[in-house]
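The values are calculated or read from the model by the stated rules, or taken from the named source; none is laboratory data. What you see is a predicted model, and the numbers here were worked out from it, not measured in a lab. Heads up: the accessible areas ignore ligands, DNA and RNA and are worked out on the full protein's heavy atoms, side chains in. Shrake-Rupley method; radii C 1.70, N 1.55, O 1.52, S 1.80 Å.
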Amino acid sequence: MSTSEESPGEVPSGGSAEPARTAAESAAREALRRRRIALLLGVALLAYLIDLGSKLLVVARLEGHQPIEVVGDVMTFQVIRNAGAAFGMGQAMTVVFTAIAASVIVVIWRIARKLYSLPWAIALGLLLGGALGNLTDRLFRSPEVFRGHVVDFISVQHFAVFNLADSAIVCGGILVVLLSFRGSNPDGTVHQVTKEDKSA
């Protein structure tokens, strides 16, 4: 009678090596996704707390006082209550900007469900922290809920008066554009950027 012996490390034909390997890869990708989401939330929380702390400080110390020169007349600190967007545009559309900020947060969270890229996690974290910072003003500052005025205090000569939430949004937006230009996707894949894409 013939017998067939297999070595301990050998998987029989038709065995479960491939499903086991697939399950291990899926678990590893899920762990990576969780780490990226944790990074996104950490960056967002840091940006939000810095923005919130700076606004509380300048409102308590600077509002109603003369501007403080930081770099001569080029950059000063002065508190401005902004009902609109950057450069004071859309003063009568406060509710619209509140809805836009809330929508941005929802979109970022939807993208985060398939997030595996470290640079994208940082970029989205900056966007999320900045959006939350200004949304907090819209919701809780005077004159009323959903119509609150955003606290701006960094004044640059021949430019807008802005805050640190705006800075986080701009930095996150620039990073998103650079990543997209390089063909990087939030899920960690890379798509080829054609000449048509670059010229579009």
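Potential lengthening of the chain between residue 147 and residue 27 amounts to 38.7 nm, from the contour at 0.36 nm per residue minus the alpha-carbon distance. In this structure, the amide hydrogen of residue 117, modeled 1.01 Å from its nitrogen in the peptide plane, lies closer than 5 angstrom to those of 188, counting only residues at least 5 positions away or on a different chain.
Expressed as a whole percent, the accessible surface of the stretch 18-160 that belongs to carbon and sulfur atoms is 68, based on a 1.4 Å probe.
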